[in-house]
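Engineer: Can you read through this structure? Questions will come right after.
The values are calculated or read from the model by the stated rules, or taken from the named source; none is laboratory data. It should be emphasised that the depicted structure is a prediction, and the values quoted were computed from it without experimental measurement. Note: ideal-geometry Cβ built from the backbone for every residue, glycine included; neighbour counts use all protein chains shown. Ligands, DNA and RNA are stripped out before the accessible areas are found, and what is left, the full protein with its side chains, is counted by its heavy atoms. Shrake-Rupley method; radii C 1.70, N 1.55, O 1.52, S 1.80 Å.
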Amino acid sequence: MRFDTLIRNSTVVDGAGIRDPFPADLGITGDRIAALGDLKDAQADRVINAADRIVSPGFIDVHVHSEIALLTGRDRFAGIQQGVTTQLTAPDGFGWTGLSPERTEQMWTYTRFATGEVDFDIGCPTLEDYLALFPGNTPCNVYPQVPHCAIRLSVCGWHPGPASDNQTAAMADLTRAWMDAGAGCLCLGLDYQPSANADMRELVALCKVVASCGGIYAAHIRYHTLGRTAAWEETIDLSRQANIPVHISHEKVDDESADLLDRIDREDIDLTFESYLYPAGMSHMTIMLPVEYQIGTPGEVIERLKDPDVREKTLPHLSGWLGECNQTVGYTCSGRYIGRTLSEIAAEAGKSPEAFAYDLILEEEGLSAFIFPWQVPPEEAENSIDRTAVHPRMLVASDGIYNIPHPHPRGFGCFARVPGRFVREKKLLSLKEAIYKMSGFPARRYGLKDRGEIARGKAADLVIFDPRTVDALATFEHPIQPPVGIDYVMVNGELAVENGTPTGKLPGRVLQCSA
């Protein structure tokens with residue numbers, strides 16, 4: 001037997017979440033796993049000795065703000081260095097496809113906090129134009145989701161009211177076009193504009209289209225509009241009305257959600273959620289404003305915030321959300337205050353933190369991003385993260401943000417941190433369970449049948465890592481650091497990482513739903 005690549009002496013964790021780690025050699029031919037087992041008599045053009053190493057399927061990041069970063073910028077290889085071989089597009093429903101030039105620019109401005117300052121022409125008149133950006137231009141695979149923000153913006157504009165019958169039908173047609181192009185999920189950010197304006201009738205109509213194509217629904221739910229429990233309830237109700245599997249973005253297990261999850265188990269609701277397993281999130285400060293003041297184009301929002309009455313009404317609301325005011329500035333359009341806390345810079349300015357935050361939105365014309373620590377005691381946060389890590393409905397996703405000066409460390413260390421912290425150090429998960437949550441589980445959930453598992457005939461998306469040393473180096477203080485202990489990463493049979501260093505190859509493809 002002869003292969004293109006032969007991986008010898010490895011311990012395989014196959015990603016299916018059932019079988020314990022086992023010794024095996026792997027033979028790779030083209031972009032597929034051609035053989036698995038004792039291959040001592042085989043030959044290959046390239047031989048990798050994986051003694052004392054784990055070979056796992058490539059990790060799948062189902063919620064990550066990476067699609068522009070994969071094409072250009074400082075952080076192009078941040079995901080692949082963690083072993084992520086497939087990343088989903090349109091997190092929170094963000095997208096810029098099928099829009100007029102004016103609306104493209106508006107949405108690009110609105111989402112700049114999650115894409116960074118990059119020199120990139122985002123205009124894509126059709127979804128075919130958009131998908132054509134990636135083959136041969138990305139280090140890992142991309143898997144499209146239906147970008148609800150772009151779809152609603154193209155049909156309804158920034159209008160806050162419910163969609164008409166004709167508008168809903170037009171959005172359903174666009175949704176079907178994305179599903180026909182291979183998308184596996186309808187993705188929304190229901191605290192973000194303009195997705196926040198969608199009512200249940202619209203969501204059910206679009207979800208029925210997605211369900212008929214074998215897809216699922218995933219959303220940043222309406223925390224700010226409905227509150228957390230009611231937002232979970234809305235998601236459960238949507239699952240029932242549209243008969244669709246549902247997924248909640250960037251959640252955690254605490255007393256509030258644990259009660260909901262117990263009910264979901266009892267009632268057999270087809271619901272999953274993901275977590276990045278850090279005690280902080282990241283977004284723009286505008287999301288902390290009262291929802292009624294966020295409506296409209298980015299320019300209209302800024303004009304509204306110039307009204308002194310709006311400012312007076314908003315500051316108490318902001319104060320309630322900001323808590324200890326220990327948020328860290330990750331990005332501003334001007335480049336000011338990077339890496340500093342809100343309380344510190346507000347004190348220097350002689351303002352209350354909420355007044356400083358409000359004024360900064362105006363001064364930066366909405367172009368800013370902050371790291372938002374959970375407003376709970378550290379021991380409570382750690383307990384919640386531990387409960388989250390072991391929950392059987394949880395899969396891992398980074399929610400990474402790139403190409404900004406001071407990003408969240410999750411974008412650079414989320415996946416390496418799981419086997420390092422939660423397997424080796426805390427012993428909360430077995431390696432079998434951890435790898436499943438990062439590969440086989442997301443592949444099954446999102447309809448990627450040839451990814452996420454090691455078996456003959458599966459795609460040769462593989463990670464080779466040292467279980468004794470693998471870990472994240474990225475911290476909240478110093479977030480832009482690659483992980484350690486990940487030696488090789490293969491995408492479609494090509495080495496994208498070799499000896500811990502990106503090769504510069506761009507073997508990524510656009511994947512399609514195979515549900």
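Engineer: Using a 10 Å cut-off on Cβ atoms, rank the peptides 141-153, 398-410, 191-203 from the highest mean neighbour count down.
Structural biologist: Working: 141-153: 28.0, 398-410: 26.2, 191-203: 20.7.
So the order, starting with the most tightly packed, is 141-153, 398-410, 191-203.
Engineer: Among I221, Q294, G83, pick out the residue whose Cα is farthest towards the positive end of the charge dipole of the chain, where Lys and Arg carry +1 and Asp and Glu carry -1 on C-beta, about the Cα centre.
Structural biologist: Of I221, Q294, G83, it is G83.
Engineer: Percent of accessible area on the chain owned by carbon and sulfur, 1.4 Å probe? If you can, show how the numbers build up before the last one.
Structural biologist: Details: 9030 of 18430 Å².
Taking all protein chains in place, the chain shows 49 percent carbon and sulfur surface.
Engineer: Let me ask something else. If I model the stretch 379-419 as equal point scatterers sitting on the Cα atoms and use the Debye formula, what is log10 I(q)/I(0) at q = 0.25 Å⁻¹?
Structural biologist: The Debye formula, applied to the Cα set alone, gives -0.95.
Engineer: Summing +1 for each Lys or Arg and -1 for each Asp or Glu, what net charge is found among the other residues whose Cβ lies under 11 Å from the Cβ of H148? Numbers along the way, then the final one.
Structural biologist: Numbers: positive: R152; negative: D92, E202.
Surrounding charge for H148 is -1.
Engineer: Taking amide H atoms as placed 1.01 Å from N in the peptide plane, list the residues 5 or more away in sequence, or in a different chain, whose amide H sits under 5 Å from that of G281.
Structural biologist: It is F372, W374, by chain and number.
Engineer: Given the DSSP H assignment, sum -39500 (n - 2.57) over each helix run of at least 4 residues in the chain and divide by its residue total; what's the result at 222 nm in deg cm²/dmol, nearest 500? Present the calculation step by step, with values, prior to reporting the outcome.
Structural biologist: Working: 17 runs with 166 residues, N = 515.
Only helices count here, giving -9500 deg cm²/dmol.
Engineer: Between D173 and V310, what's the calculated FRET efficiency when r is the beta-carbon distance and R0 is 35 Å? Round to 0.05. It would help to have the intermediate numbers written out before the result.
Structural biologist: On the way: r = 37 Å, r/R0 = 1.07.
The calculated FRET efficiency here is 0.40.
Engineer: State the three equivalent ellipsoid semi-axes of the chain, derived from the C-alpha gyration tensor as the square roots of 5 times its eigenvalues, in descending order and whole Å.
Structural biologist: Numbers: eigenvalues 275, 128, 98 Å².
After diagonalising the Cα gyration tensor, the semi-axes are 37, 25, 22 Å.
Engineer: Which number do you get for Rg(Cα) / (2.2 N^0.38 Å) in the stretch 443-515?
Structural biologist: Working: Rg = 14.5 Å, N = 73, 2.2 N^0.38 = 11.2 Å.
For the stretch 443-515, the normalised Cα radius of gyration comes out at 1.29.
Engineer: Cross-link partners among aspartates and glutamates for K449, C-alpha distance below 16 Å, same-chain residues fewer than 8 apart left out?
Structural biologist: Within the straight-line cut-off, K449 pairs with D14, D31, D61, D461.
Engineer: Give me the extension gain from Q481 to S319: residue separation times 0.36 nm, minus the current Cα-Cα distance, reported in nm with one decimal. Kindly include the intermediate steps, with their values, before the conclusion.
Structural biologist: Numbers: separation 162, 0.36 × 162 = 58.32 nm, distance 3.28 nm.
Result for the pair: 55.0 nm of gain on full extension.
Engineer: Something else: Can you give the net charge of the other residues whose Cβ lies under 13 Å from the Cβ of H317, counting K and R as +1 and D and E as -1? The partial results should precede the final answer.
Structural biologist: Details: positive: R311, K313; negative: E292, E312, E354.
Result for the neighbourhood of H317: -1.
Engineer: I want the local charge near Q193. Using Cβ-Cβ distances under 13 Å, sum +1 for each Lys or Arg and -1 for each Asp or Glu among the other residues. Before the final figure, lay out the partial values.
Structural biologist: Values: positive: R103, R152, R222, R304; negative: D92, D191, E292, E300.
It works out to a net charge of 0.
Engineer: Another question, then. Under the rule a/c < 1.5 gives rounded, and otherwise a/b versus b/c splits prolate from oblate, where does the stretch 75-226 land using the Cα gyration tensor?
Structural biologist: Values: a/c = 1.57, a/b = 1.39, b/c = 1.13.
In terms of gyration-tensor shape, prolate.
Engineer: Also: How much of the pair distance distribution for the stretch 1-157 lies past 22 Å, counting alpha-carbon pairs only, in percent?
Structural biologist: Values: 6480 of 12246 pairs.
Summing the P(r) of the stretch 1-157 above 22 Å gives 53 percent of all pairs.
Engineer: Out of every Cα pair in the stretch 289-368, what percent are spaced more than 14 Å from each other?
Structural biologist: Working: 1944 of 3160 pairs.
Here the long-distance tail beyond 14 Å is 62 percent of all Cα pairs in the stretch 289-368.
Engineer: I would also like to ask the following. Take every Cα pair under 8 Å in the chain that's 6+ residues apart, average their separations, divide by the length, and report that relative contact order as a whole percent.
Structural biologist: 23
Engineer: Whole number in Å², please: accessible area per residue of the stretch 149-245, 1.4 Å probe, ligands, DNA and RNA not counted. Don't skip to the answer; put the middle values down first.
Structural biologist: Working: 3030 Å² over 97 residues.
Accessible area per residue, the stretch 149-245: 31 Å².
Engineer: Output the relative contact order of the stretch 128-271, whole-number percent, from Cα pairs under 8 angstrom with separation of 6+ residues.
Structural biologist: Values: 187 pairs, mean separation 29.1, N = 144.
Taking the mean separation of contacting Cα pairs over the length of the stretch 128-271, I get 20 percent.
Engineer: Once R0 is set to 41 Å, what does the formula 1/(1 + (r/R0)^6) return for the Cβ-Cβ distance between E363 and D262, expressed as a FRET efficiency to the nearest 0.05? Before the final figure, lay out each step's value.
Structural biologist: On the way: r = 46 Å, r/R0 = 1.12.
That pair, E363 with D262, gives E of 0.35.
Engineer: Arranged from highest to lowest average of other beta-carbon atoms within 10 Å per residue, in what order do the peptides 433-446, 463-476 appear?
Structural biologist: Working: 433-446: 26.4, 463-476: 20.1.
Per-residue Cβ counts within 10 Å, averaged per peptide and sorted highest first, yield 433-446, 463-476.
Engineer: What residues qualify as long-range amide H neighbours of R32, i.e. H under 5 Å apart, gap of 5 or more or another chain, H built at 1.01 Å from N?
Structural biologist: When sequence neighbours closer than 5 places are left aside, the close amide H contacts are A460.
Engineer: If we sort 351-357, 297-303, 486-492, 161-167 on the protection proxy, mean other Cβ atoms within 10 Å, highest first, what's the order? Spell out each step's value before the answer.
Structural biologist: On the way: 351-357: 20.3, 297-303: 16.7, 486-492: 24.1, 161-167: 13.0.
So the peptides 351-357, 297-303, 486-492, 161-167, ranked by packing, come out 486-492, 351-357, 297-303, 161-167.
Engineer: From the Cα gyration tensor of the stretch 56-100, with a ≥ b ≥ c the square roots of its eigenvalues, which class applies: rounded if a/c is under 1.5, or else prolate if a/b is larger than b/c, or else oblate? Walk me through the numbers on the way to the answer.
Structural biologist: Numbers: a/c = 3.16, a/b = 1.65, b/c = 1.92.
It is oblate, given that a/c is not under 1.5 and a/b is not larger than b/c.
Engineer: Between the stretch 240-257 and the stretch 91-126, how many Å separate their Cα centres?
Structural biologist: When both Cα centres are located, 28 Å separates them.
Engineer: Under the rule a/c < 1.5 gives rounded, and otherwise a/b versus b/c splits prolate from oblate, where does the stretch 324-364 land using the Cα gyration tensor?
Structural biologist: Working: a/c = 1.73, a/b = 1.21, b/c = 1.43.
In terms of gyration-tensor shape, oblate.
Engineer: Using the structure shown, select from K437/K505; K306/K351; K208/K458; K252/K437 the pairs with a Cα to Cα distance greater than 22 angstrom. Could you put the intermediate results ahead of the total?
Structural biologist: Values: K437/K505 27 Å; K306/K351 17 Å; K208/K458 30 Å; K252/K437 15 Å.
Among K437/K505; K306/K351; K208/K458; K252/K437, the Cα-Cα distance tops 22 Å for K437/K505; K208/K458.
Engineer: When DSSP assigns beta bridges and you keep just the ones with both residues in the chain, what percent turn out antiparallel, to the nearest 5?
Structural biologist: Values: 35 of 68 bridges.
Here the antiparallel bridges make up roughly 50 percent for the chain.
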